[in-house]
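Encoded as structure tokens, the structure appears first; notes follow it.
The values are calculated or read from the model by the stated rules, or taken from the named source; none is laboratory data. Because the structure is predicted, anything quoted here is derived from the model rather than measured. Counting neighbours? That spans all protein chains shown, and the Cβs are built from the backbone with ideal geometry, glycine included. With ligands, DNA and RNA removed, areas are computed over all heavy atoms of the protein, side chains included. Shrake-Rupley method; radii C 1.70, N 1.55, O 1.52, S 1.80 Å.
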Amino acid sequence: MHPAYSVILFTTASGAGYGMLFWLGLAAALGAGPGPGWTGIAALTLALALVTLGLLSSTFHLGHPERAWRALSQWRTSWLSREGVLAVATYLPAGLWWLAWVTGLWAGAVPLLAGLAALGAVATVWSTAMIYASLRTVRQWHRGDVGPVYLALAAATGALGLAPFAAAGPAAGPGWVALAGLAALAVAAALKWRYWAGIDADPGRFTAEQATGLGALGRVRPLDPPHTQPNFVMREMGYSVARRHALTLRRGVMLGLFALPGALVALALALGAAWPLIPALPLAAAGVLTERWLFFAEAEHVSQLYYGRARA
Amino acid sequence: MTALPEGTGRKLGLVIDLDICVGCQACATSCKEWNTGGYSAPLSDHDPYGADPSGAWLNRIHSYEVTGPAGGGRTVHFPRSCLHCEEPDCVTVCPTGASYKRAEDGIVLVNPDTCIGCKLCSWACPYGAREYDHDDGVMKKCTLCVDRIYNETLAEEDRVPACVRACPTGARAFGDLGDPDSAVSRQVADRGGFDLLAEFGYKPVNKYLPPRINTVAAEPAPAPEPVAAPGGSTVEGFFAWVDRALSGRGG
């Protein structure tokens, strides 16, 4: 599948934003962690900014962005529509919570608002993943572990984003947010490792013979193409990364997204110092962008059976 | 609403005979000609007469070589377009309701006024039947010529999809596949018509008729001409080298 930069930015930025919103909301609901001081407000503002950047970026790949509001209507059947509805719905408690902290009013309502925002964050990330996981046409996406991977990566990148704010707050030191980040990184790394082993072991259920229905006659191969240059279906669904490059990039993700940030967070916890949390951020950002690029570039679409792929 | 209808009164669709399709592309060009001025207008092209032409087409004609277990290949021309499936996810994934399946005749359509061009429906289609129009910003697909088949301003014989009207060999037929007594349904029953990727589960309405099994035994391939053996006299060796060089087998 063609890795569109707008969709990569959308899923990673909104994932990190919702991850921050989740941990911050959990903390505020339980009365722990970054509170209504300037660090809490700055973290909440950054979380909402990342979410908004992601959602805006997702409209860049639309043919008619001005009609995007129509996507809120088909939540009964469409995960894309559900995602839109949940994203809009999450803004309501999150926005009121932000206002409560900024104005210092409605302090009693903050735990409820923050809890609802955390819940909305989880539901929105889940529905983002389900847009892909519900497609039977792509075996690398139509898997039970795609949803958990999206949730774990949002939790991990969100905790990494929140950790410096938590460390700068009144409760000095990296604290529980860094611990949560470390745990989420470990879970995400394990899930992603298992995902890659899973897609490597799956040769695909469908063949060119099934696609053409000509299997009774023998083996099928393309002779004359229907068009001289690639069409939309080939450009959108036919993108595929060379195996050699994919393996290199997977190692890069394991190192840049999981191993190095994990080591830096562990160092911060061991030293009781905040500075190792800062270099972890660009590493994890580059790592998660690469991970998401691979999620698209390694995905193979059944329609390519008509264009020469033997299995999908 | 992108929920699928409970069932459709009729199941209008195409039956494509792979035995007699000659791959002439008349159905594809006729489709483009009608639909770039009809319901789907425009079907935009980029660089149509240049070195890198591309554009939105609703019907694509592949040619495949099929090699049997005993060797011996045959060419099968293979038109590919929307199959107007009974249970397609291309309809249910649509976030706006622009993609829908008509309850009255089963035709799958895109409303060009509400499509946002997110392309998710094309991702959900295993047949690659939907193409994005980069100029129009919306998804295009076969309409089964919905603006011809009910069009009473056309002569009655023209009230069939443009591809069916254009086919010079009669390889394409149009009718109600939900009616077991219709001409197309009988043709499917007689010839062993099949679904593409039946295992996928979208229940295509369009059917394909298989190429007939060739009952005439293929003639044995002629034996290759003998090549002068290397060795022998110097002159024979020289001509053997010339022969190899000229027939592209290296020196």
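Reported count of residues in segment B:68-79, each being at the interface with chain A (Cβ under 7 Å from one of its Cβ atoms), surrounded by 15 or more Cβ atoms within 10 Å (Cβ to Cβ) and either modelled with pLDDT of 95 or more or under 30 Å from residue B:34 (Cα atoms) (or both), is 2. Out of curiosity, is residue A:75 of a type in the set (Phe, Trp, Tyr), more than 18 Å from residue A:23 (Cα to Cα) and surrounded by 15 or more Cβ atoms within 10 Å (Cβ to Cβ)? So residue A:75 passes the test.
The number of residues in segment B:80-90 that are in a strand (DSSP E or B) and either aliphatic (A, V, I, L, M) or at the interface with another protein chain (Cβ under 8 Å from one of its Cβ atoms) (or both) comes to 1. Within segment B:186-208, restricting attention to residues that are over 25 Å from residue B:30 (Cα atoms) and away from chain A (no Cβ under 14 Å), the residue that is least open to solvent (accessible area, probe 1.4 Å) is B:189. Inspect segment B:48-60 for any residue being outside any loop (DSSP other than H, G, I, E, B), buried (at least 19 other Cβ atoms within 10 Å of the Cβ), modelled with pLDDT of 95 or more and more than 7 Å from chain A (Cβ to nearest Cβ) and give the result as yes or no. Yes: one or more hits. Please give the number of the condition residue B:130 fails out of (1) open to solvent by less than 10 Å² (accessible area, probe 1.4 Å); (2) more than 9 Å from every other protein chain (Cβ to nearest Cβ). Tallying (1) open to solvent by less than 10 Å² (accessible area, probe 1.4 Å); (2) more than 9 Å from every other protein chain (Cβ to nearest Cβ), residue B:130 fails exactly one: (2).
Residues checked against (1) outside any helix (DSSP H, G or I); (2) at pLDDT 95 or above:
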residue	(1), (2)
A:59	no, no
A:67	no, yes
A:70	no, yes
A:75	yes, yes
A:81	no, yes
A:86	no, yes
A:90	no, yes
A:97	no, yes
A:125	no, yes
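Suppose we filter B:94, B:118, B:90, B:125 for residues that are within 24 Å of residue B:53 (Cβ to Cβ) and open to solvent by less than 30 Å² (accessible area, probe 1.4 Å); which single one remains?
Details: B:94 fails: within 24 Å of residue B:53 (Cβ to Cβ); B:118 fails: within 24 Å of residue B:53 (Cβ to Cβ); B:90 fails: within 24 Å of residue B:53 (Cβ to Cβ).
On inspection, the qualifying residue turns out to be B:125.
Please indicate, with yes or no, whether at least one residue in segment B:205-213 is without any contact (Cβ under 8 Å) to a residue 12 or more places away in the chain and β-branched (Val, Ile, Thr). Yes: one or more hits. In this structure, residue A:24 does not satisfy being open to solvent by 20 Å² or more (accessible area, probe 1.4 Å), more than 9 Å from chain B (Cβ to nearest Cβ), closer than 30 Å to residue A:104 by Cβ and not acidic (Asp, Glu). Residue B:15 meets the conditions (1) surrounded by fewer than 22 Cβ atoms within 10 Å (Cβ to Cβ); (2) more than 12 Å from chain A (Cβ to nearest Cβ); (3) more than 21 Å from residue B:112 (Cβ to Cβ); (4) of a type outside the set (D, E, K, R) in every case but one. The failed one is (1).
Only one of B:108, B:160 is closer than 30 Å to residue A:208 by Cα, away from chain A (no Cβ under 14 Å) and free of Cβ contacts under 8 Å to residues at least 40 places away in the same chain; which? Give the steps one after another, and end with the answer.
Working: B:160 fails: closer than 30 Å to residue A:208 by Cα.
Result of the check over B:108, B:160: B:108.
From the list B:30, B:63, the one residue that fits, being within 8 Å of chain A (Cβ to nearest Cβ) and either assigned to a loop (DSSP other than H, G, I, E, B) or under 14 Å from the mean Cα position of the chain (by Cα) (or both), is B:63. Within segment A:184-228, being without any contact (Cβ under 8 Å) to a residue 40 or more places away in the chain, open to solvent by 60 Å² or more (accessible area, probe 1.4 Å) and in a loop (DSSP other than H, G, I, E, B) holds for A:216, A:228. With respect to (1) closer than 25 Å to residue A:72 by Cα; (2) touching a helix residue (DSSP H, G or I) at 6+ places or on another chain (Cβ under 8 Å); (3) basic (Lys, Arg), the lone exception for residue B:80 is condition (1).
From the list A:35, A:63, exactly one residue is out of contact with any helix residue (DSSP H, G or I) (no Cβ under 7 Å at 6 or more places or on another chain), surrounded by 15 or more Cβ atoms within 10 Å (Cβ to Cβ) and within 14 Å of another protein chain (Cβ to nearest Cβ). Which is it? Walk me through it before giving the result.
Working: A:35 fails: within 14 Å of another protein chain (Cβ to nearest Cβ).
Answer to the selection: A:63.
Tell me which residues, restricted to segment A:229-269, are outside any helix (DSSP H, G or I) and either crowded, with 16+ Cβ neighbours inside 10 Å or more than 14 Å from chain B (Cβ to nearest Cβ) (or both). Selection gives A:231, A:238, A:239, A:240, A:241, A:242.
Remark: pairs (first residue in segment B:118-135, of a type in the set (Asp, Glu); second residue in a helix (DSSP H, G or I); Cβ separation under 7 Å; 6+ apart in sequence or on different chains) = B:131/A:232; B:131/A:233. Cβ-Cβ contacts under 8 Å between residues 6 or more apart (or on different chains), taken from a first residue in segment B:29-53 that is free of Cβ contacts under 8 Å to residues at least 40 places away in the same chain and assigned by TED's automatic domain parsing to the domain that holds residue B:81 to a second residue that is of a type in the set (A, V, I, L, M) and open to solvent by less than 80 Å² (accessible area, probe 1.4 Å), are listed as B:32/B:43; B:32/B:58; B:36/B:43; B:45/B:56.
Might you let me know whether segment B:143-155 holds any residue that is within 14 Å of chain A (Cβ to nearest Cβ), among the hydrophobic types (A, V, I, L, M, F, W, C) and out of contact with any Pro (no Cβ under 6 Å at 6 or more places or on another chain)? Checking segment B:143-155: not a single residue is within 14 Å of chain A (Cβ to nearest Cβ), among the hydrophobic types (A, V, I, L, M, F, W, C) and out of contact with any Pro (no Cβ under 6 Å at 6 or more places or on another chain).
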